[in-house]
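Down below is the structure, laid out as structure tokens.
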Amino acid sequence: MASATPYVVNPIEGNPHTHTIIFLHGRDSVAKEFADELFESEASPSTESTSTGLTLPDLLPTIKWVFPSAPLLHSARFNKEMSQWFDMWSAQSPSERPELQIPGLKQSIKYIQSVVDCEATLLKKGGGRERVFLAGISQGFAAAIASYFAEGRGDLAGVIGLSSWMPFVEQAEGCLDNLPIMKDGRGMNDVMVTRKLSQIYRFGDEEVGEEIPGVEEGSARIAFRTSLFLEHCADDKVVPKENGERMKKALTAIVDRCCGRVEWHLYEGGGQWLNEPQGVDDLVKFIRENMAKGG
């Protein structure tokens, strides 16, 4: 199982806790190491002329940062235990050997949802889930987006993915096939898409029905209204940009049906990481905009 105690960085001293960002590290990494490296990334000096610094905590002083740790799982390919949210054969070809991914994804999805629920409860007086961002890099985001769709609720402050891909993307793309054409392009389509995605990413764990939060006709229009932010670097040698572009295309098609929005950024350089400084600038802008929406 994943670590029961995430690594936490509280808001800058003297500031209230207004929002939480839950950020999942990549494969073969650990929470604190990832957090330390993330907080070394800097924005442009023009981003916040009055700020005392250019790092993410400096620019977002009311944010609580929560970094869960992935469990140690046996790697079928490398024949050893490694920190990973689920086992897989190849980040370059993530659809290869999909049967390896399901056991770990099922466990990680439950764990991620429990962390989201915990943070939403702490922020309940201020809006709960609408003040929680779910983020990840590489395999961390693959697990995060699977959890987001499995839950079938949406209604988060935002979803953030860096240098990643979409697990079981073929099945997700297929959920849009043969939907009836609605006058406004949405309506009951929202319910059907929500239910189909939840079925895909629950991997048979539960029977998906009308009782699943967010799939009733009246609430489906807000189920996936959460804005998504995706960025990728063209020189990423671990996860090819084509994997990110396919995810962007699939997510755009999905959230377009449900009144959502996908913001995509492709940068020339940065490798398997956050582009600096423009990528940091764009990320901070997205977070601030969606913090404001939550009140």
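The values are calculated or read from the model by the stated rules, or taken from the named source; none is laboratory data. Everything numeric in this text was worked out from a predicted model, so none of it was measured. Virtual Cβ from ideal backbone geometry, glycine too; neighbours counted across all protein chains shown. Heads up: the accessible areas ignore ligands, DNA and RNA and are worked out on the full protein's heavy atoms, side chains in. Shrake-Rupley method; radii C 1.70, N 1.55, O 1.52, S 1.80 Å.
A few remarks follow.
- In the range 86-128, the residues that are in contact with a helix residue (DSSP H, G or I) (Cβ under 6 Å, 6 or more places away or on another chain), part of a helix (DSSP H, G or I) and without any contact (Cβ under 8 Å) to a residue 40 or more places away in the chain: GLN113, ALA120, GLY128
- Any hit, the range 89-106, residues being crowded, with 24+ Cβ neighbours inside 10 Å, touching a Lys or Arg at 6+ places or on another chain (Cβ under 8 Å) and at pLDDT 95 or above: no
- For GLU173: the one exception among (1) in contact with a Gly (Cβ under 6 Å, 6 or more places away or on another chain); (2) open to solvent by 40 Å² or more (accessible area, probe 1.4 Å); (3) at pLDDT 85 or above: (1)
- Residues in the range 53-73 that are over 16 Å from GLU33 (Cβ atoms) and assigned to a strand (DSSP E or B): ILE63, LYS64, LEU73.
- Of all residues in the range 270-295, none that is without any contact (Cβ under 8 Å) to a residue 40 or more places away in the chain and within 12 Å of SER41 (Cα to Cα) has its Cβ atom under 8 Å from the Cβ atom of a residue that is part of a helix (DSSP H, G or I) and open to solvent by 20 Å² or more (accessible area, probe 1.4 Å), 6 or more apart or on another chain.
- All of ALA91, ALA70 fail the test of being of a type outside the set (D, E, K, R), in contact with a Ser or Thr (Cβ under 8 Å, 6 or more places away or on another chain) and farther than 22 Å from TYR7 by Cβ, apart from ALA91.
- Enumeration of residues in the range 129-161 that are of a type outside the set (S, T, N, Q) and part of a loop (DSSP other than H, G, I, E, B): GLY152, ARG153, GLY154, ASP155, LEU156, ALA157
Quick grid of which residues meet (1) crowded, with 18+ Cβ neighbours inside 10 Å; (2) free of Cβ contacts under 8 Å to residues at least 24 places away in the same chain:
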{"site": "VAL8", "(1), (2)": "no, no"}
{"site": "ILE12", "(1), (2)": "no, no"}
{"site": "HIS17", "(1), (2)": "no, no"}
{"site": "SER29", "(1), (2)": "yes, no"}
{"site": "PHE34", "(1), (2)": "yes, no"}
{"site": "PHE39", "(1), (2)": "no, no"}
{"site": "SER46", "(1), (2)": "no, yes"}
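- Residue selected from the range 214-234 under the condition in a loop (DSSP other than H, G, I, E, B) and open to solvent by 60 Å² or more (accessible area, probe 1.4 Å), by the criterion modelled with the highest pLDDT: ARG225
- Unmet requirement for ASP256, which otherwise passes all of (1) modelled with pLDDT under 75; (2) over 30 Å from LYS125 (Cβ atoms); (3) open to solvent by less than 20 Å² (accessible area, probe 1.4 Å): (3)
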